[in-house]
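Accompanying notes for the structure given below.
The values are calculated or read from the model by the stated rules, or taken from the named source; none is laboratory data. Treat the numbers as computed from the prediction; the structure is a model and nothing was measured. Counting neighbours? That spans all protein chains shown, and the Cβs are built from the backbone with ideal geometry, glycine included.
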């Protein structure tokens, strides 16, 4: 079964009809069907940091929790693999992006993102 890993940029666009990527996100979401949807715990951390609009923050976290079939994380069982994985990455990525990228690859998930730099790296590793 196909697995999609959703990142913050996608969820933010998908859940916000004022986002410039809103329609593209909804079009992408039609492809999910019965696939497994994963949302990493670090994405929830990013979503909870939306402090400008607390109503949207609460809505996005609640809706994302409902969407997620799985919530992969960096933990004791995969930490050494993550450290090895990051040795081959450029240092121009944030720690959160490197974890998202690692979890997508580790779980053989298709990364769903509007972050062009992250998508390019995902396709190359």
TODO: May I ask you to list the residues in the stretch 17-51 that are out of contact with any helix residue (DSSP H, G or I) (no Cβ under 6 Å at 6 or more places or on another chain), in contact (Cβ under 8 Å) with a residue 40 or more places away in the chain and farther than 21 Å from residue 107 by Cα?
DONE: 24
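For the stretch 10-36, which positions are in contact with a strand residue (DSSP E or B) (Cβ under 7 Å, 6 or more places away or on another chain) and more than 14 Å from residue 113 (Cβ to Cβ)?
Kept after step one, since they are in contact with a strand residue (DSSP E or B) (Cβ under 7 Å, 6 or more places away or on another chain), are these residues of the stretch 10-36: 10, 28, 32, 35-36.
Those that are in contact with a strand residue (DSSP E or B) (Cβ under 7 Å, 6 or more places away or on another chain) and more than 14 Å from residue 113 (Cβ to Cβ): 32, 35, 36.
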Task: When residues of the stretch 33-51 are limited to those that are modelled with pLDDT of 95 or more and more than 17 Å from residue 97 (Cα to Cα), the one farthest from the chain's Cα centre (by Cα) - done: 35
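With a cut-off of at least 2 residues that are closer than 14 Å to residue 42 by Cβ and in contact (Cβ under 8 Å) with a residue 60 or more places away in the chain, name the helices (runs of 4 or more DSSP H) lying wholly within the stretch 56-125.
The helices (runs of 4 or more DSSP H) meeting that bar are 95-106.
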